[in-house]
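Only one structure is covered here, and it is reproduced in the block below.
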Amino acid sequence: MACRTCLWLLGTTFFTCTVRLVVEGTEVGATQGSHPEPGVVGSNHSQAGGGHGSSISGIQIVTFKWHHVEAPYLIALWILVAGVSKMVVELNHNLTSVIPESALLIIIGWILGGIIYGADKMQTFTLTPTVFFFYLLPQVILDAGYFMPNKLFFSNMGAILVYAVIGTCWNAATVGLGLWGCWLGGAMGDIDIGLLQFLLFGSLIAAVDPVAVIAVFEEVHVNEVLFIMVFGESLLNDGVTVVLFNVFDAFVSLGGAEIDAVEIIKGIISFFVVAFGGSLVGIIFALLISLLTRCTKNIQIIEPGFIFILGYLSYLTAEMLSLSAILSIVFCGICCQKYINANMDERSVTTVRYVMKVLANGSETIIFVFLGISAIDPAVWVWNTGFILLTLLFIFVFRFIGVFLLTWILNKYRLVPLEFIDQVVMSYGGLRGAVAYGLVAMLDENKFKEKNLMVSTTLIVVYFTVMLQGITMKPLVTWLKVKRAAVTELTLAEKIQNRTFDHMLVAIEDISGQIGHNYMRDKWHNFEERWLCWFLMKPSARKSRDYIFNIFHQLNLKDAMSYVKEVRATHKVRESHDNLILQDIVPSVCLDMHEQDLTMRESEDFNAHHLLQQHLYRGRKQVLKHRYSRSHLETNRDENEVQEIFQRTMRSRLESFKSAKMGVAPAKKIQTKHQKKDKPQKVRGEGTFSPFLHVRPHSHPLIGNVSLKKHYDMMKMYGNHVFDTIPLIPVQPLPQARPPQLRGHQPPVVCIIIQSHSKAISRICLILENRLD
Amino acid sequence: MGSRASTLLREEEIEEIKKETGFSHSQITRLYSRFTSLDKGENGTLSREDFQRIPELAINPLGDRIINAFFPEGEDQVNFRGFMRTLAHFRPIEDNEKNKDPTASEPLNSRTNKLLFAFQLYDLDRDDKISRDELLQVLRMMVGVNISDEQLGSIADRTIQEADQNGDNSISFNEFIKVGNLQHIYVWAGDHYLILTYILLSVLQDCLCSSV
């Protein structure tokens with residue numbers, strides 16, 4: 001605690017000093033430095049402008065050259081200030097779990113803005129559209145695209161597009177028309193504005209903002225489908241926003257009289273051009289990136305740089321061609337992730353991922369701080385109660401109506417319908433943010449007489465959605481869900497059963513292909529495997545694409561690391577004595593334990609529950625929480641579980657295969673009894689071996705006398721990759737009475753030799769070693 | 001495409017499956033396309049290897065058992081009807097079904113049949129009882145290597161104690177049904193209900209448990 005308070009004090013002092021320095025710096029710059037800074041040795045007469053001539057009195061040992069460094073110094077200083085604000089915000093974790101970070105940053109922005117305004121009597125620093133759109137937004141969006149869960153995104157693409165396009169158009173139209181109607185009705189008093197301006201305002205305030213959405217959903221864990229819907233919508237609606245904004249801007253310039261059907265049709269066509277053109281630019285750049293990374297084996301140290309530069313270029317190129325820049329950079333990130341992750345060195349991949357998170361986090365922080373600062377500027381504030389309140393009302397209400405309407409239509413076509421709670425969360429989570437502010441700040445004051453009113457309204461809307469809706473989102477979600485499912489005390493049997501059901505349901509989901517195998521996807525997959533991967537991936541990278549292979553690959557590389565980390569990170573006591581019951585430490589706080597504490601007195605019972613709690617494998621659904629997160633990279637904690645389960649499954653399948661071949665009953669049966677029978681080998685499609693499959697005939701101790709053909713069948717069973725499994729030691733049953741310190745202990749040796757399809761046969765031997773040694 | 005033609009789904013078949021399992025037309029066609037994509041040998045039936053080829057099942061603790069559940073006793077191939085019949089257990093129960101003809105045989109996805117399916121995952125020798133050994137086997141599959149046999153045994157004993165009512169030291173189907181809190185089984189895989197329950201539990205767990 002002392003440490004924290006120290007940090008807090010340090011932070012505040014740093015703040016004040018920094019800001020003072022900044023303020024004084026600008027004062028110096030603004031007033032041409034008529035007074036020397038305190039603490040400077042000697043003075044530089046030539047710096048005090050206003051024509052003092054070149055009378056130098058002697059050599060200056062140290063000079064204060066503010067103008068020399070003014071611009072970069074201020075930029076660096078502001079980045080530092082933003083970083084420190086984030087630090088301050090993160091000091092108290094309890095606070096951030098109630099109020100989202102973005103809200104706190106805005107508040108800090110207000111404070112800073114107040115200080116600066118107080119010192120300067122004008123707001124010298126605001127979030128200008130140029131800085132925002134060119135320097136702050138691209139990283140955030142690139143980060144979103146690069147870490148996008150592709151499978152999920154594309155399988156829900158239809159719904160996302162519906163929300164993004166139709167939803168945004170609906171929002172824009174209703175808000176614009178609603179406001180216009182109210183203006184006609186006189187609710188807003190006398191302002192110089194017209195229908196087209198209302199529509200323009202509606203279009204820029206209608207768009208859900210990706211920055212704000214991520215920032216809030218970070219704290220609220222919702223299911224992945226819901227998340228991808230809102231997130232995907234916030235990214236893709238830029239296409240619509242850009243078009244609507246430009247179209248209405250042009251209409252306003254033309255004036256109302258010039259608009260006829262031709263212009264409207266041109267507007268509609270421009271939507272398609274902008275959206276698809278932007279995506280195309282992004283995809284082209286993704287191809288470029290993938291190709292580049294394919295060839296950068298010798299300059300691995302600057303590989304990461306390419307990603308960022310080309311990503312940024314894709315953004316700028318689209319902007320140059322007046323296409324949708326956000327769509328461009330999103331698709332660039334989405335399309336290239338797979339290939340660059342495969343092509344680049346491990347360390348480059350880590351670098352890219354980490355740097356991207358750093359940049360995105362930094363940008364986001366700066367954006368929110370500046371959103372706060374920009375508000376403290378009386379010059380832009382125009383208050384019109386009617387306008388502001390009505391805007392708030394309309395965006396809220398029409399968002400709900402729009403989402404429910406569209407979901408009702410969509411649910412007719414979806415296999416898994418969206419529930420009521422999801423719709424509520426989706427409507428409530430439609431946050432507006434900096435993009436709207438950036439767009440409104442770009443308006444031309446001469447064409448839009450009421451620009452300041454719009455700016456004020458936009459700011460208020462942003463604050464309202466980010467702060468109020470952000471704060472209340474989590475309680476709302478929890479409240480809605482708690483109504484449905486109450487956590488009751490579970491008996492052991494119930495717990496086991498629940499977990500069994502979870503695994504069962506996950507398995508059925510996988511079998512029935514919930515994420516779907518359909519014709520188009522298979523076609524795309526085949527196309528991709530044959531052509532794209534050949535073109536865009538390094539040959540060595542192509543081999544490691546298989547998911548199962550990846551697990552082994554990771555095992556091989558990070559085996560020791562994760563084991564060590566495991567031992568260090570776990571809270572369990574490693575005791576080597578034989579008292580196994582009281583082995584594990586109870587974690588400090590645990591909901592289930594507290595509930596059962598009240599009713600169960602026996603320590604054995606308690607421990608049994610606790611043991612189960614600790615060791616039951618988690619179902620996959622629980623694992624997939626942090627699919628996309630601004631501040632966390634993926635964690636590896638579940639790899640061990642996956643490892644264990646996979647090895648066990650493979651071993652038992654091997655055993656059954658072997659026993660089927662040779663009629664040998666394995667030592668310990670954990671499979672169902674049918675496998676004791678001899679499996680008749682149905683040889684399928686013998687004539688259709690892939691011509692690339694080269695297998696050296698093997699005779700090894702245990703499967704020696706099995707014919708080659710049956711060998712092929714076993715291999716083909718595992719798909720494209722050929723598994724030739726050779727247990728070097730007779731496979732022993734699972735470790736039985738082992739001291740728990742050997743958690744992560746692998747079962748005895750299974751050596752898997754994998755042969756790949758490629759013309760050059762390469763053998764990769766992975767040995768999972770017995771960790772007892 | 002000769003062998004393919006005989007395996008294409010005909011309208012009458014779809015109708016029959018619909019009546020038997022209660023899936024809708026679009027669901028049946030989608031599952032059929034999934035079936036054919038799994039069926040690498042293109043002979044209209046799936047074998048165990050076809051299931052084992054799904055990578056996600058290899059990392060599911062109960063994967064192999066569930067694969068076995070698809071295959072009727074003693075057989076190694078399952079055709080589309082059998083596939084659908086098994087999947088039908090996981091279709092959510094609709095309210096309007098409860099009002100249907102009470103004399104008709106119980107639909108496949110009734111609560112009892114769902115529980116029976118789960119029961120059969122445990123009960124391998126089909127003697128309608130889950131013995132301590134069978135429970136132990138399932139537990140071992142679902143639990144890491146960190147638990148010793150003695151500990152697992154005591155957990156199994158305690159579980160049977162809780163559920164067993166007639167004192168025969170094993171869990172019969174009726175006792176199995178009575179184990180409460182089985183709201184999960186009303187869920188079609190992927191339904192948000194299950195996910196929400198999960199999320200609630202995991203959110204609470206995460207907020208408050210330090211080591212899970």
Ranking request for peptides B:114-123, B:22-31: highest mean number of other beta-carbon atoms within 10 Å first, then the rest in descending order. B:114-123, B:22-31
Report, in whole Å, the centroid distance computed from the Cα atoms of the stretch A:337-411 and the stretch A:171-225. 14
At A:Ala76 and A:Lys447, where each label point lies 7 Å from the Cα along Cα→Cβ, what is the point-to-point distance in nanometres? 4.0
Return the loop-located chymotrypsin sites (Phe, Trp or Tyr not before Pro) in the stretch A:344-432 (DSSP other than H, G, I, E, B) with at most 16 other Cβ atoms within 10 Å of their own Cβ; answer none if there are none. A:Trp381, A:Trp383, A:Tyr413
Looking at the calculated P(r) for the stretch A:297-370, what percent of the C-alpha pair distances fall above 14 Å? 66
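Can you tally the net charge around A:Trp170? Count Lys and Arg as +1, Asp and Glu as -1, for every other residue whose Cβ sits under 15 Å from the Cβ of A:Trp170. All intermediate terms of the calculation are to be shown ahead of the outcome.
On the way: positive: A:Arg399; negative: A:Glu233.
In short, 0.
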Assign one of three labels to the stretch A:350-459, namely rounded, prolate or oblate, based on the Cα gyration tensor with a ≥ b ≥ c the square roots of its eigenvalues; rounded applies when a/c is under 1.5, prolate when it is not and a/b is larger than b/c, and oblate otherwise. oblate
Label-point separation in nm, B:Glu150 to A:Ile59, each point 7 Å along Cα→Cβ: 8.5
Considering Cα pairs under 8 angstrom that are at least six residues apart, work out the relative contact order of the stretch A:171-270 and quote it in whole percent. 29
Projected onto the charge dipole of the stretch A:288-433 (+1 at Lys/Arg Cβ, -1 at Asp/Glu Cβ, origin at the Cα centre), which of A:Ile289, A:Gly386, A:Val424 gives the Cα projection farthest towards the positive end? A:Ile289
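So, R0 is 30 Å and r is the distance between the beta-carbons of A:Ile191 and A:Val262; what FRET efficiency does that work out to, to 0.05?
0.45
Highest mean first, what order results for A:498-504, A:68-74 on Cβ atoms within 10 Å? Don't skip to the answer; put the middle values down first.
Details: A:498-504: 23.4, A:68-74: 12.1.
Highest mean packing first, the order is A:498-504, A:68-74.
Rounded to the nearest 20 debye, what is the charge dipole size of the stretch A:365-507 about its Cα centre when +1 sits on each Lys and Arg Cβ and -1 on each Asp and Glu Cβ?
Dipole of the stretch A:365-507, to the nearest 20 debye: 280 debye.
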Which distance in nm do the two modelled labels at A:Lys151 and B:Ser37 give, with both placed 7 Å along the Cα-to-Cβ direction? 1.1
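Please give the net charge around A:Val98, taking every other residue with its beta carbon less than 14 angstrom from that of A:Val98, where Lys and Arg add +1 and Asp and Glu add -1.
Working: positive: A:Lys474; negative: A:Glu90, A:Glu101, A:Glu218, A:Glu219.
Once all neighbours under 14 Å are counted, the net charge is -3.
A:Glu346 to B:Lys178: FRET efficiency via 1/(1 + (r/R0)^6), r the Cβ-Cβ distance, R0 56 Å, to the nearest 0.05?
Working: r = 53 Å, r/R0 = 0.94.
After rounding to 0.05, the efficiency reads 0.60.
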Which of A:Lys151/B:Lys40; A:Lys121/A:Lys447; A:Lys495/A:Lys523; B:Lys18/B:Lys40; A:Lys412/B:Lys114 exceed 31 Å between C-alpha atoms? The answer is A:Lys495/A:Lys523
How much length would be gained if the chain were fully extended between A:Met320 and A:Val69, taking 0.36 nm per residue of separation minus their Cα-Cα distance, in nm to one decimal? 87.3 nm
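FYI, it's all coordinate maths here, none of it is from the lab. Fair warning: this is a prediction, and the values are worked out from it, not measured in the lab. All Cβ positions, even for glycine, are placed from backbone atoms using ideal geometry, and neighbour counts span all protein chains on display.
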